[in-house]
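Just so it is clear, none of the values below were taken in a lab; they were calculated from the coordinates. A quick note: this is a predicted structure, and the numbers were derived from the prediction, not measured. FYI the Cβ positions are ideal-geometry reconstructions off the backbone, even for glycines, and counts take in every protein chain you see.
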Amino acid sequence: MFKNYFDFVKRFLNDPEYKKVVNSEINRMYLEGDRVEVINFILKRLNRVTSYLELGASDLETVFYKVNSFQKISVAYEDTTLKNNALYKMENDQFFNSLRDNQILHSDKKWDLIFINGFHLAGSLYSYVLSALDFIKEDGFIIIQGCNPPTEWHAREKGEYHLSPAGFSWYGTAWKAFLKLRQSKTLFSCCVDVDSGIGIISKKFPLGRLYSSDSNVFFEFKDLNQNRNKALNLMTLEEFKFLIYSLTQ
């Protein structure tokens, strides 16, 4: 029995598809510092006293403390299994509803940048972005992550399935929410090809053309993989910085 098991594991580890996925993860080397660099670059280019809101900010040391902004507010739901140092310990929907009802802050509060951190499922992430759009300034930005999964294993819906080439690395279906937002005629968007794929959304700045496709209306990963650059409006960090620099002069 054990011999058969080890033979199976050996075949699994030597499978070409497995090796390709593992190597892609090693080569990309996603770093949390990349998203901090993107956030701080945008805030600096706005050239004013800025305000920053982070949703899903239970661990403030990862991004929140490193962001350079005059006013910073953190929101994260209460979970007994996680450390939570956020200012507002509540669900995102509860936070936005409390804003609208003037129960916290004020309903006309607007932020320069809202970072939606750590939400992996398309349905909830899309809903949070729609709410966040009501609370960014006209020239503000929304940032999400996980928009550029390197393989279908990383883009799986269930993060608990670890017996795959992606292992514990999980981006979820955030990329589907981003593609849906890319179809909006009232929004501009791009994806910076660092970290896990940082999606940038703006109501004002022309970050790129909207995405429409008759071949990927249900957001199939195979079609994304074949047309990744156009679908995501993918650009390098240097290209993104040059674009923002030229748009904010």
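Quick rundown of the values:
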item	result
Check on LYS109, charged (D, E, K, R) and in a loop (DSSP other than H, G, I, E, B)	yes
Single match in ASP223, ASP195, ASP214 (criterion: under 30 Å from LYS137 (Cα atoms) and of a type in the set (Asp, Glu))	ASP195
Qualifying residue in region 225-236 (condition: closer than 25 Å to GLU37 by Cβ, touching a helix residue (DSSP H, G or I) at 6+ places or on another chain (Cβ under 8 Å), of a type in the set (Ser, Thr, Tyr) and in a loop (DSSP other than H, G, I, E, B))	no
Yes/no for SER58 being touching a residue at least 12 places away in the same chain (Cβ under 8 Å), farther than 24 Å from ASP34 by Cβ, under 18 Å from the mean Cα position of the chain (by Cα) and not in a strand (DSSP E or B)	no
Complete set of residues in region 207-224 that are in contact with a helix residue (DSSP H, G or I) (Cβ under 6 Å, 6 or more places away or on another chain) and of a type in the set (Phe, Trp, Tyr)	TYR211, PHE219
SER246 being free of Cβ contacts under 8 Å to residues at least 24 places away in the same chain, part of a helix (DSSP H, G or I) and not basic (Lys, Arg)	yes
Within region 188-227, considering residues that are over 21 Å from ASP112 (Cβ atoms) and touching a strand residue (DSSP E or B) at 6+ places or on another chain (Cβ under 7 Å), the one surrounded by the most Cβ atoms within 10 Å (Cβ to Cβ)	GLY197
Unique residue being without any contact (Cβ under 8 Å) to a residue 24 or more places away in the chain, more than 13 Å from ILE142 (Cβ to Cβ) and surrounded by fewer than 18 Cβ atoms within 10 Å (Cβ to Cβ) when the list is LYS185, LYS230, LYS180, LYS241	LYS230
Test for LEU130: is it surrounded by fewer than 16 Cβ atoms within 10 Å (Cβ to Cβ) and part of a helix (DSSP H, G or I)	yes
Qualifying positions in region 46-72 - basic (Lys, Arg) and either closer than 12 Å to GLY140 by Cβ or in contact with a Pro (Cβ under 8 Å, 6 or more places away or on another chain) (or both)	ARG48
Output for region 185-196, where each listed residue is within 20 Å of SER169 (Cα to Cα) and in contact with a helix residue (DSSP H, G or I) (Cβ under 7 Å, 6 or more places away or on another chain)	CYS191, VAL192, VAL194, ASP195
